[in-house]
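Take a look at the structure set out below.
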Amino acid sequence: MASLTLDALTKRYGDNVVVKSVSLDVRDGEFLVLLGPSGCGKTTTLRMIAGFVPPSGGSMRIGDKDITTLPPWKRNAGLVFQSYALFPHMTVNENVGFGLDMRKVDRAEITGRVAEALRLVRLEGYGERYPRQLSGGQQQRVALARALVIRPDVLLLDEPLSNLDAKLRLEVRLEIRALQQQLGLTTVMVTHDQEEALTMADRLVVMSDGAVRQVGTQSDLYERPADLFVADFVGRSTMISGAVTAPGAFRSDGGLSLSCQPSAAAGPATIALRPERLTLGAAAQGLANHATGKVTFVSYLGALLDVHVRLNDTDHVVVQIPNRSDGHVPAVGDTIEVGWPASACLVFPREAA
Amino acid sequence: MMADGRLLGRVALYGVAWLTLAFILMPLVFVTWLAFFAQEIPSFPPEGYSLKWFGAIAGNRNFVTGFTTSLQVAVAATLIGLLIAVPASLILARRQFAGSAVLNQFLLLPLVVPGVVMGTSIYVFQIETEIATGLPILGSLGGLVAGHTLLVIPWTVRLVTASLTGLDRAAEEAAQSLGANQWTTFFRVTLPAIRPGVVAGALFGFVTSFGNLEMSLFLVGPGRVTLPIAILQYLEWKIDPTVAAVSVLQILLIAVAMIITDRYVKLARVV
Ligand SMILES: Nc1ncnc2c1ncn2[C@@H]1O[C@H](COP(=O)(O)OP(=O)(O)O)[C@@H](O)[C@H]1O
Ligand SMILES: [Mg+2]
């Protein structure tokens, strides 16, 4: 195990910069998740760490060792692919033992360590089968065992769950996380699924357009998003655009006067609101911000309800409320009070576009 | 009405299929039958049956050396063809470069160019090369093998390329991340995965080379014969069932090769 450091890592294809000077520090034993929409450069970053894509600039280190120009087979990185990538002509035992074979470990030790790795992923007794005789979830666990058995310095996972069905995904998610903690593996996982990222990570890296937007824990990203992109991508937000007119005062394009944190600088800005921070009905009256609106849509989520409320011609918010059978459920067309505290307003200056 | 129509359709389909099969197999059946006729001039009905024509083959030097030459040439051409086709297919299947599509078609060309045209052009090429370099090429065994290699390449390239497109690149990357360098990855992961294509390509290449007449006619030296040439030369003088017996042995050889191959790779799946 070791730490992994990326320093200004960059990848260019022609004029297209797909990874823009990414610097990261993955601590020893940490589970770091790269999260971002499809095409933002996550896979490219991971493949540079694994050694399959030569960087156009920057450097990488595992512990104190510079690995920037090492070929993949000298990096001691365990890799798990979305497609599992098992060797179809080898049994499960041979698949898992492959890395040890390459390291010239002797037969008896290979047998022992392969059995141990299969036990870890709960596949004892499957050693003689071929990959095609296993289900998707089992194949994924073989791939994991194969990557773990070499005791890699870093474990790299590229969307490892996206080929599994929803129920299995939850199971394998927990399993990978438990194993990673048990073995203290330094891990980098790539995903576009925010729920997956939030449940598995120690820390997350939000990327867009090849650049890192924010690095932080779940609550850092959710409570204190660095910019509008993160506020929108992690969790849900409704946006109200307008301008900060004085410290703590915001005027929306639709004419609402709102109070927000006094720290926001004056100028054009957008407010992001988390739907669960808003309140409906009489209780809204006492809050710093309140307005009257019309319910345009109610979406039923089971335990929760999303109530879409139009405040005026341009401003509109989504309010999430618990679904209680005894409470009053707003109906489309109702006129209703909406309120939220000043602290619920996340204010982001608008970049001059 | 509907059911009747469908039944009729099915009967027609099977009828055509069996007729086609019979049409294809007919010459094989007749040649095999003929090989066992007792009389020297093939005529119907046979006057009796005999194995003597098979014995006659062994006594004919031309057939024996022709067989040996054909076998040597086919084996050598197949091996060289594979050595060229496997790397070529790897590059063709994986790298897009200017002219890669053209090159792909180019390698398949020997399949469509008539044998006589190929034979003539290689003949001229070998003469010119011999004049330019002073090396004894034309009529040598090496010259013959070189020509036959061209017959093998389209088959091996086609079948190996086809099996490569079904291979997951990630498996090769997995091997490398586990500590295998490029060579080890090729021999431990890539080659086993494309083995069906390699074996099937080698088989079809071998059969094509072994049965080739047109090109060999241009390239053999004086005194050297391949099996098809030996058959042709024999037919210029005689038409007794010896030729039929030779053909039966040839059919058997190819059938055995296919059956053995089929045990390792299901040919129906590759071709
Ligand atoms: N070999 C390549 N040549 C050119 N462009 C590439 C190549 N690989 C990836 N890209 C581009 O880089 C961008 C990032 O890709 P990728 O890292 O796969 O994104 P992600 O994994 O986040 O979905 C994409 O726009 C993709 O088209
Ligand atoms: Mg990706």
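Values computed for the structure shown
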| item | result |
| --- | --- |
| Subset of region A:146-198 [within 16 Å of ligand 2 (Cβ to nearest atom) and hydroxyl-bearing (Ser, Thr, Tyr)] | A:SER162, A:THR191 |
| Sole residue being away from chain B (no Cβ under 12 Å), surrounded by fewer than 20 Cβ atoms within 10 Å (Cβ to Cβ) and in a helix (DSSP H, G or I), chosen from A:GLU128, A:GLU116, A:GLU94, A:GLU124 | A:GLU116 |
| A:LYS65 more than 13 Å from chain B (Cβ to nearest Cβ) and modelled with pLDDT of 95 or more | no |
| Residues (under 17 Å from A:VAL142 (Cα atoms) and of a type in the set (A, V, I, L, M)) located in region B:162-188 | B:ALA170, B:ALA171, B:ALA174, B:ALA175, B:LEU178 |
| Those residues of region A:28-46 which are more than 13 Å from the chain's Cα centre (by Cα), surrounded by fewer than 23 Cβ atoms within 10 Å (Cβ to Cβ) and more than 9 Å from ligand 2 (Cβ to nearest atom), in sequence order | A:ASP28, A:GLY29, A:GLU30 |
| Residue that is nearest to the chain's Cα centre (by Cα), among those in region A:102-121 that are touching a residue at least 40 places away in the same chain (Cβ under 8 Å) and within 19 Å of A:GLU175 (Cβ to Cβ) | A:VAL121 |
| Some residue of region A:89-106 being away from ligand 2 (no atom under 16 Å from the Cβ), among the acidic types (Asp, Glu) and under 30 Å from A:ASP7 (Cβ atoms) | no |
| Any hit, region B:79-87, residues being closer than 17 Å to B:MET215 by Cβ, in contact with a Gly (Cβ under 9 Å, 6 or more places away or on another chain) and buried (at least 16 other Cβ atoms within 10 Å of the Cβ) | yes |
| Given (1) in contact (Cβ under 8 Å) with a residue 60 or more places away in the chain; (2) within 13 Å of chain B (Cβ to nearest Cβ); (3) away from ligand 1 (no atom under 16 Å from the Cβ), number of the condition A:GLN82 does not satisfy | (3) |
| Tally of residues being within 12 Å of ligand 1 (Cβ to nearest atom) and touching a residue at least 24 places away in the same chain (Cβ under 8 Å) across region A:10-44 | 17 |
| Any hit, region A:233-256, residues being crowded, with 17+ Cβ neighbours inside 10 Å, within 16 Å of ligand 1 (Cβ to nearest atom) and not in a loop (DSSP other than H, G, I, E, B) | yes |
| Filter result (small (Gly, Ala, Ser) and farther than 16 Å from A:PHE81 by Cβ) within region B:174-192 | B:GLY179 |
| Condition met for A:VAL172 (more than 26 Å from A:MET60 (Cα to Cα), within 14 Å of chain B (Cβ to nearest Cβ) and part of a helix (DSSP H, G or I)) | no |
| Failed criterion for A:LEU6 (all others in (1) free of Cβ contacts under 8 Å to residues at least 60 places away in the same chain; (2) part of a loop (DSSP other than H, G, I, E, B); (3) touching a Ser or Thr at 6+ places or on another chain (Cβ under 8 Å); (4) within 15 Å of ligand 1 (Cβ to nearest atom) hold) | (2) |
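One line per residue, one yes/no per condition, for (1) touching a Gly at 6+ places or on another chain (Cβ under 8 Å); (2) facing another protein chain (nearest Cβ under 8 Å):
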| position | (1), (2) |
| --- | --- |
| B:SER163 | yes, no |
| B:ASN181 | no, yes |
| B:THR184 | no, yes |
| B:PRO196 | no, no |
| B:VAL199 | no, no |
| B:LEU203 | no, no |
| B:VAL207 | no, no |
| B:GLU214 | yes, no |
| B:LEU219 | yes, no |
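The values are calculated or read from the model by the stated rules, or taken from the named source; none is laboratory data. Just so you know, these numbers come straight off a predicted model, no measurement behind them. Here the Cβ is made from the backbone with ideal geometry for all residues, glycine too, and neighbour counts use every protein chain on show.
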